[in-house]
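Step one of this worksheet: look at the structure below.
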Amino acid sequence: MTISDDRPAVHTSTHHDHMHAKRWLILAVIAIAQVMVILDATVVNIALPSAQKSLGFSDDQRQWLITGYALSFGSLLLIGGRIADLFGRKVTFLVGVAGFAIASAVGGAATGFDVLVAARIGQGVFAALLAPAALSLLTTTFTDPGERGKAFGIFGAISGAGGAIGLLLGGVLTEYLDWRWCMYVNLVFAAIGFFGGITLLGRASATERPKIDFVGVASATLGMFALVFGLGNAESKSWGDPGVWAFLLVGLVLLTGFVVWQTIVKHPLLPLRVLLHRNRGGSFLAIFVLCAGMFVIFLFLTYFMQVNLQFTPVTSGIGFLPMIGTLMVGATLATTVLLPRVGPRLLVSGGMVLAGAGIGLLALLKADSSYASGVLPALLVAGFGIGLTMASAMNVGIAGVDPQDSGVASAAINAVQQIGGSIGTALFSTIASSAVTAALGDGKAPLDAAVAGYSTAFTWSAILFAVGGVVCAFILRPGVPDELTTAGPAVHM
């Protein structure tokens, strides 16, 4: 197969047959690796109090165990995706899995705060290699539209449910073993992913290497770093603090410069043809809004369950299982049955509005609300809506991309998820904190004031979902895209 002179040519015929025959096993391996990356964003949250007691670090230092992972992961995603395109998806995937395992082992054995933070940063670095390679392997392995829909349904369900799975797993490991097992557990996932990848993934060779866009790498990496860093500071400082707005401003300037540079450079890091597509743009917006709004559920509902309902960490994790169930049903139904028939506009926009309605139900919680009547119905509705949106948007967001660009397109999706999650966490934490302060000023009891803060955050999250759903309905094209009904060329690396 011949590819234009600015992209690597690859040999695919033998590897196509090899990977196609084992495609469902490959999906299992990719899914396991994806679980490891997604759940690590939340599994450590539950372990933080125990880790803090064990290593003796301060409350101010604690946030860096979360922010360090998000910083390295989010800022390096684009270069990670391009590495996968240039040097091979299999090699990049295996290096990412192995590196993630090593960083996790170092974190589990950490004897001090500095080592633990360094390990979390290392996890983010290798996750930035692993995540884009995993998604691009998925899209180049499944070329039949029907099978590709099923595969993306599973992958989308895992991506949406990973945060809740992390809370459950973190609770179990912390309560029954030790906080260090929240790091060591990754060795199990990594072992399966690594040896499965070696056995199942075909190997291809590149006959030509395009030049790397170093200016693009620097501007994108530093811009993403500044943006995520500023958003991370917003959780502990005010939005008017120079440590917040200055970094946000620098990040926006660098990322704007990055976009301009990509229009004139010969070998762009992120070819704008990947983004300048109506359905793809709408899908990326949907994923951004979804990740910005959905983490409010994990963040505040965990506190509500443990403080108001007196749930243990394990019980709190179990409390999210109904949401995972409906999320997986929605994701599978969307990509296997609905998306090939009605197209993305109705599913993505309708799913977002439905998820917003579920989160809106959480805004009605009172300090004495029960799980069965107050929490459960909201989780069921929100989970189904998130499943419809996440799986459909991820499918459409990567469908129709040139195979040689699938790595960087996958990286862009992951970057949108990271930035959306960072913005949502910072924004809704600030909204909730302001609402709590106002409630205490009005004379409410601390428990009632805390719930008032959660309720305000849930309300604004629901509004964000509703507005996002309406906007996406105007952006996404009606009907079923051609790339969802016909299989394009497959390139396996």
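Taking the conditions exactly as written (crowded, with 24+ Cβ neighbours inside 10 Å and modelled with pLDDT of 90 or more), does Ala331 satisfy them or not?
No: the conditions fail for Ala331.
Name the residue that is farthest from Leu71 (Cα to Cα), counting only residues in the range 429-447 that are modelled with pLDDT of 85 or more and either assigned by TED's automatic domain parsing to the domain that holds Phe225 or crowded, with 16+ Cβ neighbours inside 10 Å (or both).
Here the answer is Lys444.
The rows are residues; the columns are (1) within 16 Å of the chain's Cα centre (by Cα); (2) among the small types (Gly, Ala, Ser).
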site: Phe113; (1), (2): no, no
site: Arg120; (1), (2): no, no
site: Leu135; (1), (2): yes, no
site: Thr141; (1), (2): no, no
site: Gly153; (1), (2): yes, yes
site: Gly166; (1), (2): yes, yes
site: Trp179; (1), (2): no, no
site: Cys182; (1), (2): no, no
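Kindly evaluate Leu201 against the criterion of being touching a Leu at 6+ places or on another chain (Cβ under 9 Å), within 30 Å of Ala355 (Cα to Cα) and crowded, with 18+ Cβ neighbours inside 10 Å.
no
What residue, of Leu427, Leu361, Leu346, Leu440, is in a helix (DSSP H, G or I) and over 24 Å from Tyr303 (Cα atoms)?
Leu346
Within the range 266-293, track down each residue that is in contact with a helix residue (DSSP H, G or I) (Cβ under 9 Å, 6 or more places away or on another chain), modelled with pLDDT under 85 and among the hydrophobic types (A, V, I, L, M, F, W, C).
If the condition is that a residue be in contact with a helix residue (DSSP H, G or I) (Cβ under 9 Å, 6 or more places away or on another chain), modelled with pLDDT under 85 and among the hydrophobic types (A, V, I, L, M, F, W, C), then Leu269, Leu270, Leu272, Val274, Leu275 are the ones that fit.
Checking the condition at pLDDT below 85 and part of a helix (DSSP H, G or I), which residue from Phe258, Phe225, Phe247 passes?
Phe225
Tally up the residues in the range 26-67 that are more than 20 Å from the chain's Cα centre (by Cα) and surrounded by fewer than 22 Cβ atoms within 10 Å (Cβ to Cβ), please.
Looking only at that region, the number is 14.
Looking only at the range 58-87, which residues are outside any helix (DSSP H, G or I) and either modelled with pLDDT of 80 or more or within 19 Å of Phe225 (Cα to Cα) (or both)? Please lay out each step first, then the result.
Of all residues in the range 58-87, those outside any helix (DSSP H, G or I) come to 58, 63.
Correct list: Gln63 only.
Among the residues of the range 364-387, which ones are aliphatic (A, V, I, L, M) and over 16 Å from the mean Cα position of the chain (by Cα)?
Correct list: Leu364, Leu365, Ala367, Ala372, Val375, Leu376, Ala378, Leu379, Leu380, Val381, Ala382.
Please find, among Ala119, Ala128, the residue that is in contact with a Gly (Cβ under 8 Å, 6 or more places away or on another chain), in a helix (DSSP H, G or I) and crowded, with 24+ Cβ neighbours inside 10 Å.
Ala128
Would you mind finding the one in Pro322, Pro313, Pro340 that is crowded, with 21+ Cβ neighbours inside 10 Å and not aromatic (Phe, Trp, Tyr)? Before you say what the answer is, go through the steps one by one.
Numbers: Pro322 fails: crowded, with 21+ Cβ neighbours inside 10 Å; Pro340 fails: crowded, with 21+ Cβ neighbours inside 10 Å.
After applying the criteria, what remains is Pro313.
The values are calculated or read from the model by the stated rules, or taken from the named source; none is laboratory data. Predicted model only: the values in this text are computed from it and were never measured. Don't worry about glycine lacking a Cβ; one is built from the backbone with ideal geometry, like all the others, and counts go over all protein chains shown.
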